[in-house]
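Worksheet: one structure, shown below.
The values are calculated or read from the model by the stated rules, or taken from the named source; none is laboratory data. Treat the numbers as computed from the prediction; the structure is a model and nothing was measured. Every residue, glycine as well, gets a Cβ built from its backbone with ideal geometry; the counts of neighbours run over all protein chains shown.
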Amino acid sequence: MELVIGTKRWSSWSLRPWLALKRTGASFEEIEVQLRQGAATDAAIAQHSPSGQVPVLKVGDLTIWDSLAICEYLAETFPEAKLWPEDPILRALGRSAAAEMHGGFQALRGECPMALDIRTTLEISEATQKNVRTIVGRWNRLLTRSGGPFLLGDWSIADAFYAPVATRFRTYGIRLSEYGDAGAAQAYAERLLATPEFLEWERASLA
């Protein structure tokens, strides 16, 4: 099994399935393509990806080229890893939250890209502020319903999808207390960035 990813400092889409794959305990080969190298990056990705993007999971002659599709494949292939909860309601809510992140929050993603090697402050736009408020509300409601410590109780694919968001809040000095958080969302963001899997990724990204 091979997981083709982009530069770890920047590739939020690669981080998501990498975290899920690490949680399965399965062995895999990691192929890191250096992003932002123009034609060289395009050529390197084209060797692996039918979409021209990363991440890509390769299992024998099977190629899966979307982060959410990769995570769902892992959940089905490694049920013992419990990447989704057994509770069907929590599972549905988690899939909704992951899909929302997968296809939404364009302002936050565009204005505050993942950059693990940076700490700064940024005056974010009204559109990005709206995204942050929505995310804080979503996190708080899911944490209240599940009882935490992660969105659906135990760690899940939903947390993999929001881990890069937690890095963005940290990188750009976004204070969640200014967006309706009484502390639970901030504590959750800190838990995401303290998992052994994320810390392993971060160390490698800064090496």
- Message: Step by step: first the residues of region 1-36, then only those that are over 14 Å from LEU116 (Cα atoms) and among the hydroxyl-bearing types (Ser, Thr, Tyr), then the one that is surrounded by the most Cβ atoms within 10 Å (Cβ to Cβ). Which residue is that?
- Response: THR24
- Could you figure out which of (1) part of a loop (DSSP other than H, G, I, E, B); (2) buried (at least 17 other Cβ atoms within 10 Å of the Cβ) isn't true of LEU74? (1)
- Message: Yes or no: region 101-109 includes at least one residue that is assigned to a loop (DSSP other than H, G, I, E, B), modelled with pLDDT of 95 or more and farther than 17 Å from PHE161 by Cα.
- Response: no
- Item | Residue, modelled with the highest pLDDT, within region 29-49, restricted to residues that are in contact with a Phe, Trp or Tyr (Cβ under 9 Å, 6 or more places away or on another chain) and under 30 Å from GLU80 (Cα atoms) | GLU30
- Name every residue in region 153-166 that is more than 12 Å from TYR188 (Cα to Cα) and either assigned to a helix (DSSP H, G or I) or outside the structural domain of MET101 (by TED's automatic domain parsing) (or both), in order of residue number. ILE157, ALA158, ALA160, PHE161, PRO164
- Item | Residue match in region 131-152 (condition: in a helix (DSSP H, G or I), of a type outside the set (Phe, Trp, Tyr) and over 20 Å from GLU100 (Cβ atoms)) | no
- Task: Quick one: in region 165-207, of everything that is among the polar types (S, T, N, Q) and closer than 16 Å to ARG138 by Cα, which residue is surrounded by the fewest Cβ atoms within 10 Å (Cβ to Cβ)?
- Result: SER177
- Residues of region 27-55 that turn out to be within 14 Å of SER14 (Cβ to Cβ) and among the polar types (S, T, N, Q), as a count: 5
- Query: Going by the conditions given, is SER96 hydroxyl-bearing (Ser, Thr, Tyr), under 22 Å from ILE70 (Cα atoms) and in contact (Cβ under 8 Å) with a residue 60 or more places away in the chain?
  - Reply: no
- Pick from ASP154, ASP181, ASP159: which is closer than 17 Å to ASN131 by Cβ and charged (D, E, K, R)? ASP181
- Residue hits (region 63-84; within 14 Å of the chain's Cα centre (by Cα) and within 25 Å of ILE45 (Cα to Cα)) are ASP66, SER67, LEU68, ALA69, ILE70, CYS71, GLU72
- Message: in contact with an Asp or Glu (Cβ under 6 Å, 6 or more places away or on another chain) and either farther than 17 Å from LYS8 by Cα or among the small types (Gly, Ala, Ser) (or both): is that true of LYS58 in this structure?
- Response: yes
- Have a look at ILE31, ILE5, ILE45, ILE70 and point out the one that is of a type outside the set (Ser, Thr, Tyr) and without any contact (Cβ under 8 Å) to a residue 40 or more places away in the chain. ILE31
- Hey, among the residues in region 11-31 that are of a type in the set (A, V, I, L, M) and touching an Asp or Glu at 6+ places or on another chain (Cβ under 8 Å), which one's farthest from VAL54 (Cα to Cα)? LEU19
